[in-house]
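Some notes on the structure that comes next.
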Amino acid sequence: MPDPVSPEPYLRLGTRRSPLAMAQAYEARARLCAAHGWDEDRVELVPVLASGDKIRDRPLAEIGGKALWTKELDEWLAEGRIDGAVHSMKDVETLRPDELSIAAILPRADVADVLVGAASIREIPPGSRIGTSAPRRAAQLLNARPDCEVVNFRGNVATRISKLAAGEADVTLLAAAGLLRLGESGVGTRLDPGDWLPAPQQGAIGIECRTDDERARGLIGAIDDRPSHCAVLAERRLLASLGGDCRSPVAMLSTLEDETLTLRCALYSPDGSQRIERAGAGAADAIDWVMKLGEDLLGELTEGMKPVFGLTKA
């Protein structure tokens with residue numbers, strides 16, 4: 001007998017093909033099915049090979065920036081081949097097309113970084129090679145340990161751990177959320193995010209859809225986590241006010257208590273020698289106050305920091 005015809009999916013979710021991206025898509029599908037009472041086969045996952053996954057031997061800033069993670073998914077959304085795109089929000093450009101909207105942010109996971117190869121920042125051996133391609137992690141590490149050297153270290157979690165084991169670097173930094181989603185939460189030492197500010201939007205999974213697709217926006221919006229969404233929007237607003245790009249070393253930590261959101265932000269020079277930090281607080285659902293925080297930070301930039309935040313030297 002022929003197999004019965006599978007029902008048409010209610011939603012098609014696009015995702016990058018990396019193991020972590022697929023794990024995030026599985027989580028999004030599970031939450032959607034639980035919210036709507038659907039069988040799993042009613043949400044189809046559509047893996048897409050992203051440009052950023054094709055080139056792994058150079059820093060992202062040298063080959064096109066964060067757009068390389070979203071370019072193909074954006075095209076598939078525009079063509080109607082998928083209804084939503086699942087993203088690691090820290091990999092999504094700050095300024096997005098009006099035609100796309102963030103329909104949901106899932107409950108945010110641990111925002112912390114994990115140090116692999118040493119028990120603490122202080123205990124990293126002098127002169128160690130730090131493997132990372134993230135300007136924020138490189139600058140933070142050099143600020144705390146200027147005796148160390150940064151070496152380029154791109155690839156997915158498994159690739160970076162393998163490179164570390166092969167001796168290409170002595171220490172690396174990974175996102176706790178990514179390790180947790182891959183079942184690798186026992187790797188490395190978690191760094192307290194209050195002491196070691198994480199990347200903006202770290203730990204957040206977002207789902208974008210076409211702004212004019214009211215059906216998809218409604219279905220996906222059912223799994224939106226408001227506290228996480230408020231924090232992510234505030235962090236994105238602050239990034240936009242700073243005018244930086246993927247070369248700009250920025251660290252942030254937001255905390256929500258009742259309806260008040262507190263946002264700490266630190267900016268670095270690329271070599272880590274200069275650092276400024278400011279904090280602000282205000283209503284979680286009316287985040288215009290974030291712009292003032294951005295203005296204050298930009299007003300304190302040193303001459304050496306201005307170029308990496310889109311400002312020319314005086």
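Data for the structure
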quantity	calculated
Helix-derived mean residue ellipticity, 222 nm - over the chain, DSSP H n ≥ 4, -39500 (n - 2.57), to 500	-9000 deg cm²/dmol
Segment Glu8-Asp192, extension gain: residue separation times 0.36 nm, minus the distance between their alpha carbons	61.7 nm
Counting DSSP beta bridges with both ends in the chain, the antiparallel % (nearest 5)	70 percent
Convex hull of Cα atoms in segment 113-190, direction-averaged projection (nm²)	4.5 nm²
Distant-in-sequence amide H partners of Arg16 (H built 1.01 Å from N, under 5 Å)	Val48
Cβ-based net charge around Leu293, under 12 Å, with every Lys or Arg adding one and every Asp or Glu removing one	-2
Length gained when the stretch Glu149-Ala119 is fully extended (0.36 nm per residue, less Cα-Cα span)	9.0 nm
Nonlocal Lys pairs with alpha-carbon distance under 20 Å, the chain (8 or more apart, or different chains)	7
√(5λ) per eigenvalue of the Cα gyration tensor, the chain, largest first, Å	33, 24, 18
Karplus-derived 3J(HN,Hα), 6.51/-1.76/1.60, for each residue of segment 230-244, Hz, glycine and proline x	4, 5, 5, 5, 5, 5, 5, 5, 5, 4, 4, 5, 7, x, x
Proxy reagent accessibility, fewest Cβ within 10 Å first, across Tyr10, Tyr268	Tyr10, Tyr268
Hz values of 3J(HN,Hα) by residue in segment 201-215 - Karplus curve (6.51, -1.76, 1.60), Gly and Pro given as x	6, 4, x, 9, 9, x, 10, 9, 9, 5, 4, 8, 8, 5, 4
Sorted by Cβ neighbour density within 10 Å, fewest at the top, the residues Thr132, Thr94	Thr94, Thr132
Point-to-point label distance, Arg81-Glu303, nm (Cα→Cβ direction, 7 Å offset)	5.1 nm
Chain lengthening between Ala240 and His36 when straightened (0.36 nm per residue, less Cα-Cα)	70.0 nm
Segment 152-288: Rg to Rh, with Rh as the Kirkwood radius over Cα pairs	1.00
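All of the numbers you see were taken from the coordinates with simple rules; none came from a lab. Keep in mind the model is a prediction, meaning the values are calculated, not measured. Glycine also receives a Cβ, built like all others from the backbone with ideal geometry; neighbour counts cover every protein chain displayed.
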